[in-house]
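Data block below; observations after.
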Amino acid sequence: MSDQSVSRADSALGCQDLTKSFLGVRAVNGATFEVPRGQITALIGPNGAGKTTVVNILSGLMKSDGGTMHLESTETTNWESEKIARLGLMRTFQLSRELGGLTVLENLLVAPHDQPGEKLFNIFFRPGRVTKAEKAHVERALEVLRTYGLYELRDSRASDLSGGQKKLLEISRAVMAGPKVLLLDEPMAGVNPALIERIGGYILDLKAQGVTVLMVEHNLNVVEKICDHVIVLAEGRTLATGRLSDLRENKEVVSAYLGEVIDAGAIS
Amino acid sequence: MSAFWLYVFTLIFFLFDYFILAMGLNIQYGETGILNFAYIGFVAIGAYMTGAVSMPNSVGTGQHYILGLNMPFPFNLLVGGLSAMVVSVLVAFIALRRLRTDYLAMVLISLSLVFYDICNNYVPLFNGADGLYNVPSPLAGVLHLTTNSFTVVFALLTGVISLIMWWIMSRITRSPLGRTLRAIRDDDGVAAALGKSVFRYKLTSMMIGSFFAGIGGGLIIQFNTSFNPSAWLPGETFVVFAVIIVGGVSNNIGLLVGSLLVETMLVHLVAFLPAIPGHPGLILNIAAMMIGALLMVMLWFRPQGIVPEKLRRSPAAVAAATTSTDYAGIDEGVSHE
Ligand SMILES: Nc1ncnc2c1ncn2[C@@H]1O[C@H](COP(=O)(O)OP(=O)(O)OP(=O)(O)O)[C@@H](O)[C@H]1O
Ligand SMILES: [Mg+2]
């Protein structure tokens, strides 16, 4: 099966027939989709559908058992996550993984690739170059922190942040690395409605800056408001792809996932 | 000079030497999260190699060892440090590439046991169980030092060397490199997801730490003029761990405090106490138990150590990364909103 709705030429990221089992549990079972470049795509599906596992595979954190994947025109199947990251794919984690012993500012400062100050030789023999790069990174990091409302917390230990603040930190750290493609695993889970609104705004801003976003999201209100494209995953397979309004007509999708949500009145 | 002052300067030597050793283990464990249970093996490599290159050709010395190059101080010491570093590269490729922390620790401890057995039993390498002795004292000839004045001069020299190493280490830990190592320590999955080559950084950290281990070991063999397997039982690694855990992981002052409390007071000071009549060795065993007890008390009540790790807050975080001349310029750039 291949995803017909987005052509490979318009796709920033995609996968074909991905499979992954954990001790006999088929978490991903043939997932196939393309993520349109420059748009916001939602990855939805019931709990345990394999969404996080797909994100883990696409970002290189886990190796798939089978199938292929690509980032832009590069085949990235079974690549290490550091290599995938360097191609411009950044991700956040469903359960926030802040660098707890570092400050908020330092969490961002880790992100830029190939910093001169990460090389021993430069530290001792080209201190000027290290200083210059560091200065630029600090300025940019403070700007990002201001944008995401974390500026006041810049010197706090990251492990001391609240759940919502950690979600913001994860996004701003990924943004600091200057991603082309951003995978967000439930960026709004456990966050109050005002902050959901704000995060939605940030994601739209990123889209405006040309970033391709794939976000796992359970809240269909959010999906409706900000996502251009939707991928429905159920039992590790791609059930359907397209616009949310089209998917509502799809009986299979409704019964697998949307039904319960619509019945529960989550979509106004 | 009285025996008292000799004791004092011996204690001073070990204070500074263990400060160097603690800094080396700290960059691996405290900054990068590598549980290097083979650390004492790298100290031994530094000691043996420093000795072996500074001694004359082994023929006719009554000892068996490799090299024997009559190499003068401080070049012999550098060879010691660099040898430990080279071996750490091999070890990193064996153990550090794929293994999880706990497996890694087991592999490292096994490697250090194997290496210990080789040194203890294979005589042509470093004279087997007898180890190296009659190692030439550095500078003794040049400065016309007696055995006693050598102790004083070398203890102070070690102090100077430890200050230089401290400067080098702070420069590293405060740089973006140090920050990336701490990111790997806190969560290497996140570091990888940010595009950091985790193995390459762990390798760098292993190499720097092992160089410090080798230098610290080289200083020991120079100070004692001998070194043999009884001086580096694999359990010694845990004394260095105790130094950094008691003093404070990732804090250089803490490492110095830990070195003073654990190494100077509990290991060496007690060694000079007169034996309890009828119970030779009892005091040393009590001291070993006290180190164990102290370690447990600290881990239970104050796991961050006596002098805990400092957060690197922003002006510092910036200054930090730089410690160089155009720091003032940076400060401006940052403090503006
Ligand atoms: N590391 C793992 N080890 C064993 N099983 C796993 C692992 N990760 C995921 N699974 C299993 O794989 C299936 C898919 O999990 P996954 O986390 O991808 O779901 P999800 O769609 O993200 O769910 P949710 O919406 O609840 O976050 C589940 O049955 C889960 O138990
Ligand atoms: Mg999930």
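The values are calculated or read from the model by the stated rules, or taken from the named source; none is laboratory data. Quick caveat, the model's predicted, so the values are computed rather than measured. As a convention, Cβ positions derive from the backbone with ideal geometry for all residues, glycine included, and neighbour counts pool all protein chains shown.
Tabulated values for the structure
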read-out	value
Matching residues, region B:65-79, being of a type in the set (A, V, I, L, M) and outside any loop (DSSP other than H, G, I, E, B)	B:L77, B:L78, B:V79
Exclusive hit being assigned to a helix (DSSP H, G or I), in contact (Cβ under 8 Å) with a residue 12 or more places away in the chain and either of a type in the set (S, T, N, Q) or within 30 Å of B:D187 (Cβ to Cβ) (or both), set B:L82, B:L113, B:L104	B:L104
Residue count, region B:176-192 (criterion: closer than 20 Å to B:I20 by Cβ and out of contact with any Ser or Thr (no Cβ under 8 Å at 6 or more places or on another chain))	1
A:V28 being within 13 Å of ligand 1 (Cβ to nearest atom), within 19 Å of the chain's Cα centre (by Cα) and closer than 21 Å to A:K167 by Cβ	no
Within region A:105-120, considering residues that are assigned to a loop (DSSP other than H, G, I, E, B) and among the charged types (D, E, K, R), the one farthest from the other protein chains (Cβ to nearest Cβ)	A:D114
Filter result for B:A3 (under 19 Å from B:N120 (Cβ atoms) and among the aliphatic types (A, V, I, L, M))	no
Top-ranked residue in region A:213-234 [being away from ligand 2 (no atom under 16 Å from the Cβ) and part of a strand (DSSP E or B); ranked as nearest to A:D185 (Cα to Cα)]	A:V213
Enumeration of residues in region A:1-50 that are part of a loop (DSSP other than H, G, I, E, B), more than 16 Å from ligand 2 (Cβ to nearest atom), farther than 20 Å from A:R91 by Cα and touching an Asp or Glu at 6+ places or on another chain (Cβ under 9 Å)	A:M1, A:S2, A:D3, A:S5, A:V6, A:S7
Subset of region A:55-102 [farther than 29 Å from B:R185 by Cβ and not hydroxyl-bearing (S, T, Y)]	A:D65, A:G66, A:G67, A:M69, A:H70, A:E72, A:E75
For A:R129: the one exception among (1) away from ligand 1 (no atom under 16 Å from the Cβ); (2) buried (at least 20 other Cβ atoms within 10 Å of the Cβ); (3) farther than 23 Å from B:R313 by Cβ	(2)
Candidate set from region B:153-203 (those that are basic (K, R) and within 20 Å of A:F121 (Cα to Cα)); member that is surrounded by the fewest Cβ atoms within 10 Å (Cβ to Cβ)	B:R200
Pick from region A:175-202, criterion outside any loop (DSSP other than H, G, I, E, B), under 20 Å from A:G14 (Cα atoms) and not acidic (D, E), ranking: farthest from the chain's Cα centre (by Cα)	A:V181
First in region A:8-26 and closer than 16 Å to A:T68 by Cβ, second anywhere and within 16 Å of ligand 2 (Cβ to nearest atom) and in a helix (DSSP H, G or I), Cβ under 8 Å, 6 or more apart	A:L13/A:L58; A:C15/A:V54; A:C15/A:I57; A:C15/A:L58; A:L18/A:V54; A:L18/A:I57; A:K20/A:T53; A:K20/A:I57
Residues that are closer than 28 Å to A:A9 by Cβ, in a strand (DSSP E or B), touching a residue at least 12 places away in the same chain (Cβ under 8 Å) and out of contact with any Pro (no Cβ under 7 Å at 6 or more places or on another chain), drawn from region A:58-104	A:G66, A:G67, A:T68, A:M69, A:H70, A:L71, A:T74, A:R91
Cross-chain or 6+ apart pairs with Cβ under 6 Å, region A:229-252 first and under 16 Å from A:T52 (Cα atoms), then more than 13 Å from ligand 1 (Cβ to nearest atom) and assigned to a strand (DSSP E or B)	A:I231/A:F33; A:I231/A:T241; A:V232/A:A240; A:R237/A:G30; A:T238/A:T32; A:T238/A:F33
Subset of region A:1-25 [surrounded by fewer than 18 Cβ atoms within 10 Å (Cβ to Cβ) and under 18 Å from the mean Cα position of the chain (by Cα)]	none
Residue that is surrounded by the most Cβ atoms within 10 Å (Cβ to Cβ) [pool: residues in region A:56-82 that are within 16 Å of ligand 2 (Cβ to nearest atom) and more than 25 Å from A:V253 (Cα to Cα)]	A:S59
Failed item in (1) closer than 24 Å to B:A191 by Cβ; (2) more than 14 Å from chain B (Cβ to nearest Cβ), with A:E197 passing the rest	(1)
The one condition in (1) at pLDDT 95 or above; (2) more than 14 Å from ligand 2 (Cβ to nearest atom); (3) under 13 Å from A:R237 (Cα atoms) that A:T53 fails to fulfil	(2)
Count of region A:132-156 residues which are surrounded by 17 or more Cβ atoms within 10 Å (Cβ to Cβ) and of a type in the set (S, T, Y)	2
Region A:31-87 - residue that is within 14 Å of chain B (Cβ to nearest Cβ) and of a type in the set (V, I, T) and, of those, nearest to ligand 1 (Cβ to nearest atom)	A:T52
Any hit, region A:184-199, residues being away from ligand 2 (no atom under 16 Å from the Cβ), within 27 Å of A:D114 (Cα to Cα) and surrounded by fewer than 19 Cβ atoms within 10 Å (Cβ to Cβ)	no
Close pairs from region B:262-288: first under 18 Å from B:E236 (Cβ atoms), partner aromatic (F, W, Y) and not in a loop (DSSP other than H, G, I, E, B), Cβ under 8 Å, at least 6 apart	B:V262/B:Y18; B:E263/B:F14; B:E263/B:Y18; B:T264/B:F14; B:T264/B:Y18; B:V267/B:F14; B:H268/B:F14
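Here's the yes/no breakdown for (1) closer than 19 Å to B:V86 by Cβ; (2) assigned to a helix (DSSP H, G or I); (3) among the polar types (S, T, N, Q):
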residue	(1), (2), (3)
B:A183	no, yes, no
B:A192	no, yes, no
B:I215	yes, yes, no
B:I220	no, yes, no
B:T237	no, yes, yes
